[in-house]
Amino acid sequence: PQVSPLSFTPQRLDSDLYEQIREHFTLLCCTEIDTCRSTHSNFSKICENSTKVSRERNIQIFLQEFPVFTRTAVFHFQVAPKDKVCILKQHSSSAEGESCLDKEARKWSAKAAKDYKIISHGDRALQMLDRRFKLLSGDTGVSVEQKMVEVKESVRKAQVGLLLAQRYCYC
């Protein structure tokens, strides 16, 4: 079989155009697949981390940050040879048998927890107000700025209260 010169003409005109197009599309598709895999991986991590968000985890982190709220080791009274006292009695001042020190410790630990909550909520509110302030202008921006000042003041008071409560809990 004889090949006519006309059959080679489209091949000469095309040259290696189809191969180049195929390479470009292959590269484009591979890049798209890699991008999708990366996006899927990132969102899978976010999804996995979001399942870990819970009230219990938040409390656990709070307790790790402030060792004041963890249980202390129970100390058992041991009599020394020259001690005049050989037994310690717990003095209770209330009907439930709770000492005034226990009440005081509970009061200050509740205050510290409340102040910690105010600080964390205030920080989130400040971030949101800051984003809103950047978007707004004029009278609305002034009211947002006033809110930011109020939130900063309440966060500052809570920080002072938290330090005071921690000091009383450590004593």
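Only one of (1) at pLDDT 85 or above; (2) more than 22 Å from the chain's Cα centre (by Cα) fails for ARG156. Which number is that?
For ARG156, the failing item is (2).
On the given criteria, is VAL79 among the aliphatic types (A, V, I, L, M), surrounded by 10 or more Cβ atoms within 10 Å (Cβ to Cβ), at pLDDT 70 or above and part of a loop (DSSP other than H, G, I, E, B)?
Values: among the aliphatic types (A, V, I, L, M): yes; surrounded by 10 or more Cβ atoms within 10 Å (Cβ to Cβ): yes; at pLDDT 70 or above: yes; part of a loop (DSSP other than H, G, I, E, B): yes.
When the stated conditions are applied, VAL79 passes them.
Quick one: which of ARG57, ARG37, ARG22 is surrounded by 10 or more Cβ atoms within 10 Å (Cβ to Cβ), more than 33 Å from the chain's Cα centre (by Cα), modelled with pLDDT of 80 or more and part of a helix (DSSP H, G or I)? First the steps, then the outcome.
Working: ARG57 fails: more than 33 Å from the chain's Cα centre (by Cα); ARG37 fails: more than 33 Å from the chain's Cα centre (by Cα).
On inspection, the qualifying residue turns out to be ARG22.
The values are calculated or read from the model by the stated rules, or taken from the named source; none is laboratory data. Remember, predicted model here, so these are calculated numbers, not experimental data. Every residue, glycine among them, receives a Cβ derived from its backbone with ideal geometry; neighbour counts consider all protein chains shown.
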